[in-house]
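Input: a single structure, listed below in structure tokens.
The values are calculated or read from the model by the stated rules, or taken from the named source; none is laboratory data. Predicted model only: the values in this text are computed from it and were never measured. Cβ atoms come from the backbone with ideal geometry, glycine included; neighbour counts cover every protein chain shown. The area values use the complete protein model at the heavy-atom level, side chains included, leaving out ligands, DNA and RNA. Shrake-Rupley method; radii C 1.70, N 1.55, O 1.52, S 1.80 Å.
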Amino acid sequence: MPRDYNHKEIEKKWQDEWERAKLYETPDSVAGKENLYALVEFPYPSGDLHVGHWDAFAVPDIYVRMKRMQGYNVLFPFGYDAFGLPAENAAIKRNINPADWIAESITKMRAQMKTTGNAFDWSREINTSSPEYYKWTQWIFLKLYEKGIAYRGKGLVNWCPNDQTVLANEQVIDGKCERCDAVVEQKELEQWFFKITDYADRLIDDLDGLDWPEPIKLAQKNWIGRSQGAEIDFEIVDSSEKVTVFTTRPDTLFGATYLVLAPEHPFVKSLPKNNLLSAQIGLMLQKNEIERTAEGKEKTGVLLEGIHALNPATKQEIPVYVADYVLGHYGTGAVMGVPAHDERDHQFAMKYGLPVMQVITPPAPAVGNGEPACYTGVGYLTNSQNFSGEFSEDAKKKITESVGGKLTSKYKVRDWLISRQRYWGAPIPIVYDPEGKAHPIPEEHLPWVLPSDADIKPKGTSPLGSSKELIERTEKIFGKGWRPETDTMDGFVDNSWYFFRYLDPHNTHEFSSLEKQKLWMPIKRYSGGAEHTTVHVLYSRFLTKVLFDMGLSTVAEPYEVRLNRGIILAEDGRKMSKRWGNTVNPDEHVKNVGADAVRTYLAFIGPYNVVGSFPWSTNGLIGVRRFLERVAGLSEKLDDGADSAELEILLQQTIKKVGEDIESMKFNTCVSALMILSNAMGDSATVSKSSYKTLLTLLAPFAPHLAEELWHNLGHTTSIHVEAWPTFDPSKLELEVITLAVQLNGKLRGTIQVNRTATQDEALSLAQADPTLGPKLPAAWSKIIYISGRILNIIS
């Protein structure tokens, strides 16, 4: 086959043939084969594949293809995360229905995706915006509602003024909407929530049993934010009121010199109206969470004149402040101010001239400038009455109990807010009777179909409220005066269970049968973006645990291994952006050099399962294309003989390295090894057919079309992708006979051929017997230095 092969002809030919033969359709079981479920995060169907899509889907396909060749029955499905704001906003811009936009985009994306040559099982394709799918999203909601895990409540929510909808905390990045970058506002609304906080401990503790990279585990733990501490009541002087604080340092209670309330605290809201106070508190509430809690930001507070609290340990009256650095949703919305042992409290105390009382002394004396102004570590209690002298960690429980407090845990994560005031989402399956009481929609009415007559332009209220059809449908089924819920569900609800549906995509009676779950779950390897670690991955783990508790899932954890990939940067080293005109269009490169070259280059660009950034290089892509051309050109120098011993050893080493590195998803080093092997073959006068076949099977996961073509050119009639993966011969990983350097007093005198396992005495005997080298060596010596396989140094 000529080096400059016709990639357009070859790739289209084999894509059509694989589809015709249904090569990648996966049965639920195959005799003698172990099931393996591999998953990549399914995309939003934008209709345009960018290079990030190729990186997300084509590179993990290398692992999938190898596991198939190793004899596993591998499930590798594909679908579309189709609900959400992007489709709705695109439809509004084009004045069309989002369903039409999604259908058009999916058709285009499916065609583009097939050009990658991925081993997807297209018979299991799903679309979260299809009624056949969101019927089961609604069914899951009803199951959670039945268990009290889905509930309606009033709370302070994140409001995007641009998209005119509520956002979950996880969809707010640095105080801005993750979709449109608008500054998020705070509103108090009645919304639907899932009780993810009920599962906070399990979501943290169960991470310990997972074979995940530590940074991913840590990200989840930090996002959930479990703090172990104590709740302690502070009485309000001359009042029957009490304020409960949460503190992780009850050992510092004797150092509490003031009390701080969040501006959202109920006690603050209960105070008599005061224009100045209201204005000051209003300014605090205008700040987003990042502005209120960021390190280095000046802390703003206001004294509640005439109001004092009683420190339950010292029985002293202390002032009460409202401050922006305390958040209403975390802990109890109230903290005790201990400026001697908390950095934020110390900054606040310095600004407002509040007393600082040291109650912890460091275990070791300070060096240099004396005791620190604010010591936050552990130590021994002082100025703490009967507890003075005790170690601070030991005193936590004792001090808490002495003032009638209780040890408890608090969490940074809040219940998952799933309501959205937008059109393009799964309708929440709830209706309200004439008295306003919520009722679940009976299962026989699912899917509760999204109406097509709603005005979808954002107005700050739910578009479904404008649907005449939805109102008439509700009254026809439930009675006059009944009204439908008009919010739709957060798109993360749809994608938090999609991997279950892949197992049973055509089942009209169950969301996913337990029998099929037993065959496939948990997912062996899940690859995705680092940005989804604390949102999608967390939510899907939560929902899996809920389903497991209800007997609807066979596993409590969905993913055996979760891996995050890096980011492909533009050629100029910056993030790809249409604004900068530096985006990489993979379609152009596929046209010019072929899908195999693009796949292999993305594998080669850097380590896949390492969070980092790797700039695209067109020259690097061309270099990979030339590598594939060299492999194709080797077919012209094949013979039936044997290879040299050196080439045979390199082949065995390559088999070992490529197999091990694909397993650990170090695809870049695999490509390097294949390049070294092909170069060595190119330098040989001839290449054995046997070795060339092995090279092709190792290359097949990376360049599936070219490998298939070259395989068939050798006379094979079955696909290379059903061949057995090569195994290496451990006995052939090194040369049996090596060249050993012989030195006299550190200077080279010649070389000898020895067995690589030769002992010092054997090597010395061979050197003395060598007709050229022997006469140069002394009859006696003072010392011999022998490094097996490298040198024999005789010191006279």
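Annotations
- Euclidean distance of C-alpha centroids, the range 41-58 and the range 172-195, integer Å: 26 Å
- Largest to smallest in accessible area, the residues ARG20, ARG625 fall in the order ARG20, ARG625 (1.4 Å probe, all protein chains included).
- The chain: relative contact order as a whole-number percent, Cα under 8 Å and 6+ apart: 14 percent
- Relative contact order computed over the range 690-730 (Cα-Cα under 8 Å; 6+ residues apart), in percent: 39 percent
- Loop-located GluC sites (Glu not before Pro) across the range 212-280 with a Cβ neighbour count of 16 or fewer within 10 Å are GLU241, with loop assigned by DSSP.
- Our estimate of slack between LYS575 and SER123, defined as 0.36 nm per intervening residue step minus the Cα-Cα distance, is 159.2 nm.
- Oblate is the label for the range 1-130, because the ratio a/c of its alpha-carbon gyration tensor axes (a ≥ b ≥ c) is 1.5 or higher and a/b is not greater than b/c.
- When the C-alpha to C-alpha distance is required to be over 32 Å, the pairs from LYS108/LYS637; LYS299/LYS406; LYS187/LYS351; LYS221/LYS666 that qualify are LYS108/LYS637.
- Modelled label positions at MET550 and SER278, each set 7 Å beyond Cα in the direction of Cβ, lie 4.5 nm from each other.
- Computed extension length for SER513-LYS689: 58.6 nm, one decimal, from 0.36 nm per residue of separation with the Cα-Cα distance subtracted.
- Cα-based shape type of the range 1-66, given that a ≥ b ≥ c are square roots of the gyration tensor eigenvalues and the cut on a/c is 1.5: oblate
- The range 104-142 versus the range 738-789: alpha-carbon centroid distance in Å: 69 Å
- For the chain, the gyration tensor built on C-alpha atoms gives an oblate shape. Its axis ratio a/c (a ≥ b ≥ c) is at least 1.5, and a/b is not larger than b/c.
- In Hz, Karplus ³J(HN,Hα) per residue of the range 776-781 (6.51, -1.76, 1.60; θ = phi - 60°; x = Gly, Pro): 7, 9, x, 6, 9, 8
- Taking packing as the residue-averaged number of other Cβ atoms within 10 angstrom, the listed peptides 205-215, 582-592 run from highest to lowest as 582-592, 205-215.
- Inter-centroid distance (Cα atoms) of the range 655-708 relative to the range 598-615, Å: 18 Å
- Per-residue surface analysis assigns LYS468 an accessible area of about 140 Å², computed on protein heavy atoms at 1.4 Å probe radius.
- Considering only beta bridges that DSSP places wholly inside the chain, some 70 percent are antiparallel.
- Whole-percent carbon and sulfur share, accessible surface of the chain, 1.4 Å: 50 percent
- P(r) for the range 93-134, from all Cα pairs and a bin width of 5 Å, is 5, 18, 24, 25, 16, 9, 4, 0 %, short bins first.
- Angle between the chain longest axis and helix 343-352 axis [Cα atoms, degrees, rounded to 10]: 40 degrees
- Amide N proximity, the range 436-454 versus GLU469 label position 7 Å along Cα-to-Cβ, cut-off under 17 Å: 446-454
- Between GLU560 and LYS747, the contour length at 0.36 nm per residue exceeds the alpha carbon distance by 61.7 nm.
- Given charges at beta-carbon only (K, R positive; D, E negative), |dipole| of the range 428-503 in Debye: 140 debye
- The modelled label-to-label distance for the pair GLU390/ASP206, using points 7 Å beyond Cα in the direction of Cβ, is 3.7 nm.
- Compared with the dominant principal axis of the Cα atoms in the chain, helix 689-699 is inclined by about 10°.
- Listed residue (PHE614, PHE604, ALA556) projecting farthest to the positive dipole end of the range 549-643, Cβ model: PHE614
- Averaging the sequence gap over all C-alpha pairs within less than 8 Å and six or more residues apart, then dividing by the number of residues, gives the range 109-178 a relative contact order of 12 percent.
- Within the range 30-109, trypsin sites (Lys or Arg not before Pro) in DSSP loop having at most 14 other beta-carbon neighbours inside 10 Å: LYS33
- Accessible-area order (highest first, 1.4 angstrom probe) of the listed residues GLU475, GLU343, GLU444: GLU444, GLU343, GLU475
- Looking at the range 662-746, none of the trypsin sites (Lys or Arg not before Pro) sits in a DSSP loop with at most 11 other Cβ atoms within 10 Å of its own Cβ.
- Helix 760-769 vs. the chain, principal-axis angle (Cα, 0 to 90°, nearest 10): 30 degrees
- Residue-normalised accessible area of the chain, given per residue in Å² at a 1.4 Å probe: 44 Å²
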